[in-house]
Structure formats: C-alpha cells, structure tokens
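The values are calculated or read from the model by the stated rules, or taken from the named source; none is laboratory data. Remember, it's a predicted structure, so these values are computed and weren't measured experimentally. Here the Cβ positions follow ideal geometry from the backbone for every residue, glycine too, while neighbour counts run over all protein chains shown. Quick note on the areas: whole protein, heavy atoms, side chains included, nothing else; ligands and nucleic acids left out. Shrake-Rupley method; radii C 1.70, N 1.55, O 1.52, S 1.80 Å.
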Amino acid sequence: MTSVDPRGRTDVFAPDRQAVASALLDSARTSSYDPVEEVDWETPLDTAYHGASPEWSTLYGTSYWDEMTPEQQRELTRHEAASVASTGIWFEMILQQMVLRDFYAKDPTDPAFQWALTEIADECRHSIMFARGAAKLGAPAYRPRRVVVELGRGFKTLAFGEAAYAAILVAEEVLDVMQRDWMRDERVVPFVRTINNIHVVEESRHMKFARQETKERLAGAGWARKQFNALVVAIAAYAIVTSMWNEDIYANAGLDAERARREAKANEHHKAMLRSSCAGLMEFLHSAGLLTRAATVFYKRANLI
Ligand SMILES: [Fe+2]
Ligand SMILES: [Fe+2]
C-alpha cells in the first residue's frame, strides 16, 4: 500500500511501517501499566535507600563522594533521580506535541496513527508518574535552564520528520540504560524501581517506533536536509543531556554546591557511564547518516561519544 502524506511525500515503506505499528499495538495491549495502581505511593519514603544507582551519581568516583557520609550520598542520588525524572517530564511534553502535530489529519485507520496516539497516552501517564515520584522523593521542581526551556519551545513547535523522531530516540535511549540499572538495583528505593520498570517496558516500544520513523523519513531526505537535521538532533541531544542533572541538586542535598559542581563537571567516571550507555544509539545514528562532523562536536561536548 502506498500513501501520500500532507507534505506530498510518497511513503513507499508503508507495509513495513504498518506491520511495525500493528505489532506495537499488540504488545501494548498485553503489557501496559497504570502507574496509579502499580506504584506503591502509600509507603512513606524510606531514607535508607538511594534514589538511583550510586554509580550513576554525578559525583560517584570523585574525592567529594568519598568524603560524603552514606546518608549524604543517598540524599544526593534521591535528588538526582528526581532531577532526571523532571527532565523526563519536560521532554515528554515536547515529544507528545511533536507526535500529535505529526499525525494531525492523517489516516486514522492506519495502525501507525493508532500507535502514535497510544504512545502519547503512555507519555502522559509517564509524566504524571514522574511528577508524583519526584514529589515523593522530596525534591522541588527541577526545570531546565531558561535558554533550554525556550529552545524546547521552538523545537516542539517546528521540528518534524527525522529531526523529531531522532531527537525522541536520543532522549529515550539515554534514559533507557540508566533506568535498566536502577530498576534492578536493590539499593534503590522500591517505588522508584517500579517506576523505572514501567518506563523501560513501555519505552522499548517507543524506541522501536522512533527508529522506524527516523529511517522512513530519512529515505526521502536530500543531503542538505540531512546535514541540517543531523545538527538539530545533536543540539537537542546536548540540551537534553546537560539538563538531566540540575545544578540545584547539590545545594538541595546539603552539599557545598560550588565544589560539587566543579567536581561533577570534571568527573570522568560519569562521562564514561554516559558514553557506554550511548554506544548503541551512536551506532544507529551513524548507520542513519546522522553522525555528521558538525553533529559529532555536540555529542562529544555532551559526553555521549
Ligand atoms: Fe516516557
Ligand atoms: Fe517514550
């Protein structure tokens, strides 16, 4: 089957795309979660637990980390988990709008259309779940820097095609490896493990769709458009990753904020964790032709490569 989208692009891969979307819809029917019911919201926060795997802390491996008491370390990872979840909310709001715009007035009988709305519904539940989780961790509202908030406002209004779907993929992949570690870690507070488990399961479908859409949209893209969108995706990735750990977490965890920021910035262990978690993503971007020279500069600056 061949269909034409409102921008006039003939979609020659439609059968493949429909098969992927149908499989995703089937999977969603059998394994989707309602966080309101699944997550233990009732049990009060037990501060004997971490909020995230300590190895993922921005200070793990620094001399400051070694000087901190175990209580301080746990307090910090709880703020770090809340900060990552809050950045997740910010990006999920962006991606919901991009997907909704992308499917505006398209064929509702297409499984991809129905999948897109399913994904938006997932993200809506996720954001509420992250919001409740961050509040339960005792964290304030962590939002990206003003300039990033405004860049995001432009991006969610304008991005389309491979730029939108590759950026979605980057955000989802960066979170994925981290959350897989946290959900299995017995040092992490149980309700956060449940949240991460739900997110990992549901996001694996989103990532499949994002890869598929990125490849499809790129099939019709010329050299200049590819170069431009590769750069846009890399800048989005830089904005997302540098927003994950809000700088206020250190003061809120009762630490010397200036020293913590300095040591976190120079923390080679944390950079190595990020790089290794993004190996598969970089391979995909490379195979899709999105790892251009200009894009690589931003991935390097974000410690993703
Ligand atoms: Fe999500
Ligand atoms: Fe997602």
**Request:** Examine the range 88-100 for a residue that is more than 16 Å from ligand 1 (Cβ to nearest atom) and open to solvent by 10 Å² or more (accessible area, probe 1.4 Å), and state whether such a residue exists.
**Result:** no
**Prompt:** Can you pull out the residues in the range 103-117 that are assigned to a helix (DSSP H, G or I) and open to solvent by 20 Å² or more (accessible area, probe 1.4 Å)?
**Reply:** 111, 113, 114, 117
**Request:** Need at least 3 residues that are in contact with a His (Cβ under 8 Å, 6 or more places away or on another chain) and surrounded by 22 or more Cβ atoms within 10 Å (Cβ to Cβ) per element, so show me which helices (runs of 4 or more DSSP H) inside the range 235-284 make the cut, counting only ones lying wholly within it.
**Result:** none
**Item:** Residue satisfying condition, being away from ligand 1 (no atom under 16 Å from the Cβ), surrounded by fewer than 21 Cβ atoms within 10 Å (Cβ to Cβ), assigned to a loop (DSSP other than H, G, I, E, B) and without any contact (Cβ under 8 Å) to a residue 60 or more places away in the chain, within set 42, 37
**Value:** 42
**Prompt:** Has the range 155-173 got at least one residue that is within 16 Å of ligand 1 (Cβ to nearest atom), under 24 Å from residue 49 (Cβ atoms) and at pLDDT 95 or above?
**Reply:** no
**Fill in**
Restricting the range 137-182 to residues that are touching a Lys or Arg at 6+ places or on another chain (Cβ under 7 Å), within 16 Å of residue 92 (Cβ to Cβ) and of a type in the set (A, V, I, L, M), the one surrounded by the fewest Cβ atoms within 10 Å (Cβ to Cβ) turns out to be 149
**Message:** Checking residue 134 against (1) open to solvent by 30 Å² or more (accessible area, probe 1.4 Å); (2) over 23 Å from residue 303 (Cα atoms); (3) touching a residue at least 40 places away in the same chain (Cβ under 8 Å); (4) more than 16 Å from ligand 2 (Cβ to nearest atom), only one condition comes out false. Which one?
**Reply:** (1)
**Request:** Identify, by number, the condition in (1) within 18 Å of residue 257 (Cβ to Cβ); (2) open to solvent by 10 Å² or more (accessible area, probe 1.4 Å) that residue 59 doesn't meet.
**Result:** (2)
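Matching residues to (1) within 16 Å of ligand 1 (Cβ to nearest atom); (2) open to solvent by 10 Å² or more (accessible area, probe 1.4 Å); (3) not β-branched (Val, Ile, Thr):
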residue: 194; (1), (2), (3): yes, yes, no
residue: 206; (1), (2), (3): yes, no, yes
residue: 214; (1), (2), (3): no, no, no
residue: 219; (1), (2), (3): no, yes, yes
**Filter pass, residue 128 being within 15 Å of ligand 2 (Cβ to nearest atom), open to solvent by 30 Å² or more (accessible area, probe 1.4 Å) and not acidic (Asp, Glu)** = yes
